[in-house]
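Nothing in this text is a laboratory measurement; each read-out follows from the coordinates by a stated rule. Quick caveat, the model's predicted, so the values are computed rather than measured. Every residue, glycine as well, gets a Cβ built from its backbone with ideal geometry; the counts of neighbours run over all protein chains shown.
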Number of protein chains: 2
Amino acid sequence: MALNRIVVLVGGVGGAKLAHGLAQILEPERLTIIVNTGDDFWHYGLRVCPDLDTVLYTLSGLVDPVNGWGIAGDTAHMLEALRRYGEEGWFRLGDRDLATHLLRTMWLRQGRTLTQVMDELRARLGVPQRLLPMTDAEVATVVDTVEHGELEFQTYFVRYRWQPVATAIRYRGLEGASVSEDVARAIGEADAILFGPSNPWLSIAPILSVPGMRELLLARDVPRVALSPIIEGNAVKGPAAKLMAELGYEPSAAAVARYYGDLINGYVFDERDAGLNIPVARATTFDTLMKTQADRARLAGQMLDWINSWGRNESLGDHPG
Amino acid sequence: MALNRIVVLVGGVGGAKLAHGLAQILEPERLTIIVNTGDDFWHYGLRVCPDLDTVLYTLSGLVDPVNGWGIAGDTAHMLEALRRYGEEGWFRLGDRDLATHLLRTMWLRQGRTLTQVMDELRARLGVPQRLLPMTDAEVATVVDTVEHGELEFQTYFVRYRWQPVATAIRYRGLEGASVSEDVARAIGEADAILFGPSNPWLSIAPILSVPGMRELLLARDVPRVALSPIIEGNAVKGPAAKLMAELGYEPSAAAVARYYGDLINGYVFDERDAGLNIPVARATTFDTLMKTQADRARLAGQMLDWINSWGRNESLGDHPG
């Protein structure tokens, strides 16, 4: 099997790490990164796209290596000044980060699509890989919670630090959303489709919720392989395990595989979970913790080598359901 | 003559100093500052109002004491990041300053008037004096130049550092502009109207160009007193003297008085220019250089005392103009 073109679906920090691993080992034109935009929101008149920017900053080398998001060495002087005006300033808008939001907002208001805007931004930062928003429409993840009822995603995630108990996750704006031409072409031409180790409900599910997206993915008889974000029942970062428990799932790599169901025909999970029974036709374990930049390239290489080892000319459409 | 309510017309740094002097000696409700908005422009999707902000920062004590504009200790990290995206970044947008532009732009987009926006901003910074834009419409000063033809004001002033030779100054957008209710009321209730030591052509003329403004001023039979921005043929700051020469005026305090003509019935100019023949009914000299905060209060007090000394119940409408 020749894996020429690779598509990877990602959310924020974890997905950006896998994308960066792939970027390190693939010629740029072979890699397309499709990014969740359900976290995007309007804040102080700016269109803020946290996951797209995390991937952008990671691939351009600007990213804050400690947080995994934002720009290294960024300051928050604008935010301090906002607070002097009596604003709460609960969402971190770094001063350097603001340049991205300002350019994006200006170009969007001029009528460019988010796809065009991100393509311009990544090109200007010298990122050669394609970085595609899951859709050009404004789709918003909403979390229903026990304590506060319905919360906008960033209110849930940042303001309340994902501490409220979630009862449901919904995606608003889907009725006007569609898969962009660029995303449809990338999926249509992919020789393998990877699901990053991002939060399935908060990062991957919004991508899958775009009308037409599931059908496009299911129509591709190529490896569709997810990387588990859960290791030994815990999320490497963020609320994935907590959310799974609240939504009635057992927090485990196996439950994530079951959640993806027939969307995937291959699964990679952590070697620490080797004993788990994974309900996917092809599954394997690696050390999936990406602590260093080298770890990212190593894991990306292991995943592609493993997928390359699958039988040639074998239909991949079957799965144990 | 009882000078209860004072209105002062101002542009940027020089006018802000006089406004600050008045603010130091008058109860807040007695002072209204009407500010030029001809310098305002859209920049990276933000509505930037340099003169209003200079007055706002001066009265709130936030102002950079060296430049006389911007916020003390501000940084330019956003601007650096814009440059990393390949943008020229010729207009200084300080990081702390950005909070002002973001709040203003957001509120304007929500449908508030600039008057309402500035009233909210000054109140939040604890500035008790009224700070009124000359109009709520978007009026733009345009400079015709020998070298570059027509230039937007900030392009002329900041990008080209007012070095091109001006052949004319025009104000765009006047056809849709009108004096706001608040400005009309302030002028109507004023017991004295002062013209700040701002550039007559770039800062005061745009205010005077708003349809109805001249008539409102001329209708008031109260002291209307200008403070000269020219001392010994030079501008204290900025291009006033250079512009006067280019536009065919002799750069002098007398020429400024002639320019204001029948709009003023009193004139204050610098004691260094005591020998000048000033064509205004009432004229006097003081040390008009405002180097310290105390200088501002001292000069403001001298001006008001002098105006107070004018004859009671005497019509001020006459002038030698």
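When you look at B:V146, is it touching a residue at least 12 places away in the same chain (Cβ under 8 Å), surrounded by 19 or more Cβ atoms within 10 Å (Cβ to Cβ) and more than 9 Å from every other protein chain (Cβ to nearest Cβ), yes or no? Explain how you work it out, then say what you get.
Details: touching a residue at least 12 places away in the same chain (Cβ under 8 Å): yes; surrounded by 19 or more Cβ atoms within 10 Å (Cβ to Cβ): no; more than 9 Å from every other protein chain (Cβ to nearest Cβ): yes.
Here the answer is no, as B:V146 does not meet what is asked.
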Query raised in the report: Which of the residues belonging to the range B:72-83 are touching a Leu at 6+ places or on another chain (Cβ under 7 Å) and more than 7 Å from chain A (Cβ to nearest Cβ)?
Result: B:A72, B:L79
Query raised in the report: Do we have A:V66 as among the aliphatic types (A, V, I, L, M) and farther than 22 Å from A:E120 by Cβ here?
Result: yes
Query - Qualifying positions in the range A:166-188 - surrounded by 15 or more Cβ atoms within 10 Å (Cβ to Cβ) and either among the polar types (S, T, N, Q) or over 25 Å from A:T113 (Cα atoms) (or both) - result: A:A166, A:I169, A:S178, A:S180
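Which residue out of B:R122, B:R92, B:R112 is more than 12 Å from every other protein chain (Cβ to nearest Cβ) and either assigned to a helix (DSSP H, G or I) or over 22 Å from B:G11 (Cβ atoms) (or both)? Show your work before the answer.
Numbers: B:R122 fails: more than 12 Å from every other protein chain (Cβ to nearest Cβ); B:R92 fails: either assigned to a helix (DSSP H, G or I) or over 22 Å from B:G11 (Cβ atoms) (or both).
It is B:R112.
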Query raised in the report: When the range A:231-288 is examined, which residues are found to be touching a helix residue (DSSP H, G or I) at 6+ places or on another chain (Cβ under 7 Å) and polar (S, T, N, Q)?
Result: A:N234, A:N277, A:T284, A:T285, A:T288
Report task. Give the range A:59-75 a look and list any residue that's over 24 Å from A:I25 (Cβ atoms) and either hydroxyl-bearing (S, T, Y) or touching a helix residue (DSSP H, G or I) at 6+ places or on another chain (Cβ under 9 Å) (or both), or say none. Result -> A:N67, A:G70, A:I71, A:G73, A:D74, A:T75
Query raised in the report: Which of (1) surrounded by 14 or more Cβ atoms within 10 Å (Cβ to Cβ); (2) on the phi > 0 side of the Ramachandran plot; (3) free of Cβ contacts under 8 Å to residues at least 60 places away in the same chain does A:R161 not meet, given it meets every other one?
Result: (1)
Requested in this report: Only residues that are facing another protein chain (nearest Cβ under 9 Å) and assigned to a loop (DSSP other than H, G, I, E, B): list them for the range B:55-71, please.
Outcome: B:L62
Query raised in the report: In the range A:149-181, how many residues are within 24 Å of A:L93 (Cα to Cα) and in a loop (DSSP other than H, G, I, E, B)?
Result: 5
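Kindly indicate which of A:T37, A:T54 is over 20 Å from B:D95 (Cβ atoms) and out of contact with any Gly (no Cβ under 9 Å at 6 or more places or on another chain). It would help to see each step written out before you state the result.
Values: A:T54 fails: out of contact with any Gly (no Cβ under 9 Å at 6 or more places or on another chain).
Just one listed residue meets the conditions, A:T37.
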Query raised in the report: Are any residues in the range A:218-275 of a type in the set (V, I, T), in a loop (DSSP other than H, G, I, E, B) and touching a strand residue (DSSP E or B) at 6+ places or on another chain (Cβ under 6 Å), and if so, which ones?
Result: A:V222, A:I264
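Might you let me know whether the range B:217-224 holds any residue that is of a type outside the set (S, T, N, Q), without any contact (Cβ under 8 Å) to a residue 40 or more places away in the chain, buried (at least 22 other Cβ atoms within 10 Å of the Cβ) and touching a helix residue (DSSP H, G or I) at 6+ places or on another chain (Cβ under 7 Å)? Walk me through how you get there before you give the answer.
Keep residues of the range B:217-224 that are of a type outside the set (S, T, N, Q), which gives B:217-224.
If we keep only those that are without any contact (Cβ under 8 Å) to a residue 40 or more places away in the chain too, we end up with B:219-220.
Among the residues that remain, those that are also buried (at least 22 other Cβ atoms within 10 Å of the Cβ) are: none.
No, that holds for no residue.
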Query - Yes/no for B:L9 being in contact with a strand residue (DSSP E or B) (Cβ under 6 Å, 6 or more places away or on another chain), surrounded by fewer than 24 Cβ atoms within 10 Å (Cβ to Cβ) and outside any helix (DSSP H, G or I) - result: no
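Between B:L98, B:L103, B:L125, B:L62, which is surrounded by fewer than 24 Cβ atoms within 10 Å (Cβ to Cβ), in contact with a strand residue (DSSP E or B) (Cβ under 9 Å, 6 or more places away or on another chain) and either farther than 29 Å from B:M290 by Cα or touching a residue at least 40 places away in the same chain (Cβ under 8 Å) (or both)? Walk me through how you get there before you give the answer.
Values: B:L98 fails: surrounded by fewer than 24 Cβ atoms within 10 Å (Cβ to Cβ); B:L103 fails: in contact with a strand residue (DSSP E or B) (Cβ under 9 Å, 6 or more places away or on another chain); B:L125 fails: in contact with a strand residue (DSSP E or B) (Cβ under 9 Å, 6 or more places away or on another chain).
Being surrounded by fewer than 24 Cβ atoms within 10 Å (Cβ to Cβ), in contact with a strand residue (DSSP E or B) (Cβ under 9 Å, 6 or more places away or on another chain) and either farther than 29 Å from B:M290 by Cα or touching a residue at least 40 places away in the same chain (Cβ under 8 Å) (or both) holds for just one of B:L98, B:L103, B:L125, B:L62, which is B:L62.
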